[in-house]
1. Please pull out the direction-averaged projected area of the range 11-82, using the convex hull of its alpha-carbon atoms, in nm² to one decimal place.
2. May I ask you to derive the FRET efficiency for R142 and S27 from their Cβ-Cβ distance with R0 = 22 Å, giving the value to the nearest 0.05?
3. Once both labels are modelled 7 Å past Cα along the beta-carbon direction, what's the E61-R74 spacing in nm?
4. Give me the dipole magnitude in Debye, nearest 20, for the chain about the Cα centre, with unit charges on the beta carbon: positive for Lys and Arg, negative for Asp and Glu.
5. Of the listed peptides 12-21, 119-128, what is their order by residue-averaged count of other C-beta atoms within 10 Å, with the highest listed first?
6. Starting from the Cα of D50, step 7 Å along the direction of its Cβ; do the same at K88; then give the gap between the two resulting points in nm.
7. Given the options G37, L84, L117, identify the residue whose Cα lies farthest towards the positive end of the charge dipole of the chain (+1 on Cβ of Lys, Arg; -1 on Cβ of Asp, Glu).
8. Tell me the label-point distance for the pair L166, R118, using the 7 Å Cα-to-Cβ offset, in nm and rounded to one decimal.
Amino acid sequence: MPAHPMSPADLPLYLEAVLLCAPEPVSEPELCAAFEGEVAPQALQAALHDLQQHWAPRGLELVQVAAGWCFRSRAQVRPYLERLRPEKPPKYSRAVLETLAIVAYRQPVTRGEMEDLRGVSIHSGILKQLEARGWIEVVGQRPSAGRPALYATTRQFLRDLALPSLADLPTVPAAGEPLLPPPAAAPPVLTASQPQ
């Protein structure tokens, strides 16, 4: 425990330092543990929201993701950051993205169920690629013949997509609904043979 008890005025200073220096998002229970019970959970939540407001006009923002709280660069400054270390983002095939979407929206799901939904077999390399990226993992086995593995997304998936939870995934239109709204009706075209 520190030599002097922390004053309420010191909390934002220490909280900011902890979050800026943490290599991974920090959960609220971990933050409470870092302050060794000196801060009530309600005071911690209030301080987090105050800190979020304090950083609102800056290049970094304090966000809550599935694993906890962390600082991230704002979307509008990312192009400038990317110029410092130009890296090509990994390109994923349509098959990989379809498989990931099935796992995200239907989890826990077996490989056979994924193949039924996609209508084609899924190469084991696709699942290995998603597991290596840390986006999916085996979470159990279905109690049926052959005991197939059940796949689900990970906290890393939520963190990489900056989502607090799976409930924040975009909604998927029901079967038969268009993905995009229909185009506005075009005005009728008059031809020379039509009366005006």
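Read-outs: derived from the displayed coordinates by stated rules, not from any lab. Predicted model only: the values in this text are computed from it and were never measured. Ideal geometry is used to build each Cβ from the backbone, glycine not excepted, and the neighbour counts take in all protein chains shown.
1. The Cα convex hull of the range 11-82, projected and averaged over all directions, gives 4.9 nm².
2. Efficiency, rounded to the nearest 0.05: 0.15.
3. 0.8 nm
4. Roughly 920 debye, rounded to the nearest 20.
5. The densest-packed peptide leads the list: 12-21, 119-128.
6. 4.9 nm
7. Comparing the listed Cα positions along the dipole, L117 ranks first.
8. Between L166 and R118, the label points sit 1.9 nm apart.
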